[in-house]
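Shown next, in structure tokens, is the structure this report addresses.
The values are calculated or read from the model by the stated rules, or taken from the named source; none is laboratory data. Please read all numbers here as calculations on a predicted model, not as lab measurements. Neighbour counts run over all protein chains shown; Cβ positions are idealised from the backbone, glycine included.
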Amino acid sequence: MHCYRSIAVSIQAHDLLSLIESESAPLVVDVRSGWEYRQGFVPGAINLPFWRSWLLNQALKDGFGKPLVVYCEHGPRASLAKLFLRVRGFKDIQLLKGHMLGWRKHGLPIETQHQEAVRE
């Protein structure tokens, strides 16, 4: 039996923003639908709808071995995507605490430029 452990299960929104603004930004993956993503997302996040998170697309291949931060609107889709990504070999995966709902509540920056990783 293999036991995979992440350094932390989740990351606070302000901590993620600090990492994004630094040279050590993780790969941020928004697993909401393309429509939700286009309404606004965490700066630099790629869109990979959770039902496609088992696919190793180019953005994920390029980020393999890099820490990942996964989020959705409230949490359930991100948790499923985290499971799929673990099965695909990713080990350092954190969930964004509060997800997109929390990010907006904190008044943190939101991008709307289209950066979709996988077309719906």
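Side notes on the structure shown:
- Selection status of VAL87, closer than 16 Å to LEU101 by Cβ and either loosely packed, with under 13 Cβ neighbours inside 10 Å or within 12 Å of the chain's Cα centre (by Cα) (or both): no
- Restricting region 10-32 to residues that are of a type in the set (Gly, Ala, Ser) and free of Cβ contacts under 8 Å to residues at least 24 places away in the same chain, the residue that is surrounded by the most Cβ atoms within 10 Å (Cβ to Cβ): ALA25
- Applying a threshold of 7 Å to beta carbon distances and a minimum spacing of six or more residues, or different chains, the list of pairs starting in region 33-44 at a residue that is over 16 Å from LYS105 (Cα atoms) and ending at one that is part of a helix (DSSP H, G or I) reads GLY44/ILE20.
- Tally of residues being outside any helix (DSSP H, G or I) and either modelled with pLDDT under 95 or within 18 Å of PRO49 (Cβ to Cβ) (or both) across region 68-120: 26
- Test: residue in region 41-53 that is modelled with pLDDT of 95 or more, surrounded by 17 or more Cβ atoms within 10 Å (Cβ to Cβ) and hydroxyl-bearing (Ser, Thr, Tyr): no
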